[in-house]
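Okay, so here's the structure we're looking at.
Laboratory data are not the source of any read-out in this text; all were calculated from the coordinates shown. Bear in mind the structure is a predicted one, so any value in this text is a computation, not a measurement. When we count neighbours, we look across all protein chains shown, and the Cβ atoms used for this are built from the backbone with ideal geometry, even at glycine.
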Amino acid sequence: MKPRLYSFWRSSAAFRVRIALHLKGVDYETIATHLTKKGGDQLQPEYGEKNPNRLIPLYEEGDVRIHQSLAIVEYLDEAYPKPPLLPSNPVDRAWVRALALDIAADIHPINNLRVSRYLVRQLEVSEEARSTWYRHWVATGLAGLEAQISRDSRSGRFCYGDQVTLADICLVPQLFNALDAKMDVALYPRLMAIFQECMTLPAFIDASWEKQIDAEGANPPF
């Protein structure tokens, strides 16, 4: 049986895993899990039995079941070693992981769907205020990331030299969101140069929004 990925086409976290799967050449099955229709598939009892966190993505391979996108990607990197998604040097591995966490731990969680829903539904924040919240935290995070990568000699075509790593896997979905939100990405020339390099690669193209089986009128936001 093929590995299965519970995914939503616009989920940044699922997007990361899709990129990794394509880079590794893993033939997998997508289980479309809609995050908004009928209250959200992820909130239904059947999905909750599989993943009590009720978040996307979830990866199944035989009896193995893994949640959290970065944990899934690192599992894939160990189970399918070629091409490697982390540098061989421990110091450089830590740097790449730190860049990935700048996005996955600091930018994305405070702007994802359940946070936005809580702001609007429970706290009765206006759509304008929610958008201001979103743009502020994304801009703050991307500005820090731009500075980190711009000043470090280890960056190259990608976040880490000419090797696609976990950092690029996290960066591209976050920039998809920024572009879709019509943010001024010209403020991040180094990040956008890396983004453009990534989006020449089949793995990133095939993992993108418009290529997914559950895409709803999706077009690339750039």
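Results, tabulated for the structure shown:
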{"read-out": "Antiparallel bridge percentage (DSSP; both residues within the chain; nearest 5)", "value": "60 percent"}
{"read-out": "Contact order normalised by residue count of the range 90-205, Cα under 8 Å, 6+ apart, percent", "value": "29 percent"}
{"read-out": "Local net charge near Phe222, Cβ-Cβ under 14 Å (Lys/Arg +1, Asp/Glu -1)", "value": "-3"}
{"read-out": "Burial ordering of Trp137, Trp9, fewest other beta-carbon atoms within 10 Å first", "value": "Trp137, Trp9"}
{"read-out": "Partners for Lys82 among lysines (Cα-Cα distance below 16 Å; same-chain residues under 8 apart left out)", "value": "Lys24"}
{"read-out": "At least 20 Å along the helix axis (C-alpha) and Kyte average at least 0.5, DSSP helices within the chain", "value": "166-180"}
{"read-out": "The chain: relative contact order as a whole-number percent, Cα under 8 Å and 6+ apart", "value": "24 percent"}
{"read-out": "Relative contact order (%) - the range 31-104, alpha-carbon pairs under 8 angstrom, separation at least six", "value": "12 percent"}
{"read-out": "Under 17 Å from the Cα of Lys182 - aspartates and glutamates, other chains or at least 8 residues apart", "value": "Glu127, Glu128"}
{"read-out": "Residue exposure sequence - Met1, Met199, Met192 - by fewest surrounding Cβ within 10 Å", "value": "Met1, Met199, Met192"}
{"read-out": "Residue order, fewest to most surrounding Cβ atoms within 10 angstrom, among Val64, Val185, Val17, Val120", "value": "Val64, Val120, Val185, Val17"}
{"read-out": "Once exposed loop trypsin sites (Lys or Arg not before Pro) are cut out (DSSP; at most 12 other Cβ, 10 Å), longest piece of the chain", "value": "1-150"}
{"read-out": "Qualifying GluC sites (Glu not before Pro) in the range 163-222, DSSP loop, other Cβ atoms within 10 Å at most 15", "value": "Glu216"}
